[in-house]
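*Asks:* Can you read through this structure? Questions will come right after.
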Amino acid sequence: MGGYAEAEALLERVRAAQNRLFGADDPDTLDSAHGLQLVLGNLGRRDDALALLRSVVVGRGRALGPAHPLTLRSRSSLLVLLSASEVVAEEDGALLDLPSECDRLLGPDHTVTLGAHHNRAWALYLLGRFDEADQEIRQVTEAYRRRFGPDYPTALSAQQLLSRTRAALGHVEAGAELMTDVVARRENSLGPDHPFTVAGRELLSAFTSGRWRPPGAEG
């Protein structure tokens, strides 16, 4: 619903109680911590979110094992928070291979696997590997649409990234067309003032005004 400040306060209280009662590595405590890092990221507190997410990755690895879907999901989230230079160094470069690991451990159609491919596409986009990012996010977008429908938030998030990769490859009009659809669907489902809707309108405006630049070409 976009109430990030309220969500942060509630998650902090819940997580503190869980920490006190069950310990930091209890699965429920770690679930709250994973949710909290998402909120912190949306509040623009990237460093706080990243530090918390790293602790969740370690904690879930200890409590659930490295092959558990929730451990893999938290590792996948690193692909979104890390910068381009950080992501290539993370796990000695192995983090970019996480979707293949998910394919092997969970299967290609698992929701966590699709999320890993989605997040890897973002990392590839930041790295300027636009062809690879475009191919990957196109497949993810189609899979999300089949599974959840075109109005589902994750499907719209993937379509937004697809608009960026299309534009980065020189197809700015196609990117704008994709974002026009995203904005309309978000206005219908989330409302015109939701942060996701506002961010979508800003990206669409950048496309249509000629202000948009791909990673590495800003300024």
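The values are calculated or read from the model by the stated rules, or taken from the named source; none is laboratory data. Computed from a prediction, not measured in an experiment: that's the story for all the values here. Cβ placement follows ideal geometry from the backbone for every residue including glycine, while neighbour counts extend to all protein chains displayed. Areas reflect the complete protein model, heavy atoms only, side chains present, ligands, DNA and RNA absent. Shrake-Rupley method; radii C 1.70, N 1.55, O 1.52, S 1.80 Å.
*Asks:* GNM, the chain, Cα, under 10 Å: largest mean-square fluctuation among ASP181, ASP92, ASP103?
*Replies:* ASP92
*Asks:* When the accessible area of the chain is split by element with a 1.4 Å probe, what percent falls to carbon and sulfur?
*Replies:* Values: 5740 of 10840 Å².
Result for the chain: 53 percent of the exposed heavy-atom area is carbon or sulfur.
*Asks:* Could I ask something else about it? With no solvent and one equal point scatterer per Cα, compute the Debye intensity ratio I(q)/I(0) for region 168-215 at 0.17, 0.18, 0.29 Å⁻¹ and report its log10, rounded to two decimals.
*Replies:* -0.46, -0.51, -1.03
*Asks:* Can you give the Kirkwood hydrodynamic radius for the chain, in Å, rounded to one decimal and based on Cα pairs? Could you put the intermediate results ahead of the total?
*Replies:* Details: mean 1/r = 0.0550 Å⁻¹.
By the Kirkwood definition, the hydrodynamic radius is 18.2 Å.
*Asks:* Now for a different question. Report the one residue of PRO214, LEU50, TYR152 whose Cα lies farthest in the direction of the positive end of the charge dipole of the chain (charges on C-beta: Lys and Arg +1, Asp and Glu -1; origin at the Cα centre).
*Replies:* TYR152
*Asks:* Hey, in the GNM for the chain with a 10 angstrom Cα cutoff, which one of SER83, SER209, SER100 fluctuates hardest?
*Replies:* The residue with the greatest mean-square fluctuation here is SER209.
*Asks:* Could you give the accessible area per residue of region 1-122, probe 1.4 Å, as a whole number in Å²?
*Replies:* Working: 5910 Å² over 122 residues.
Accessible area per residue: 48 Å².
*Asks:* Which whole number in µm²/s is D for region 11-137 by Stokes-Einstein, with the Kirkwood Rh taken over Cα pairs at 25 °C and 0.890 mPa s? Write out the running numbers ahead of the final one.
*Replies:* On the way: Rh = 14.9 Å.
Rounded, D is 164 µm²/s.
*Asks:* Quick one: what do you get for region 1-44 if you divide its Cα Rg by 2.2 N^0.38 Å? Mind showing how you got there, number by number?
*Replies:* Details: Rg = 10.4 Å, N = 44, 2.2 N^0.38 = 9.3 Å.
After normalising by residue count via 2.2 N^0.38 Å, the value is 1.12.
*Asks:* Principal axis lengths of region 41-83 from Cα atoms, whole Å, largest first?
*Replies:* 30, 15, 14
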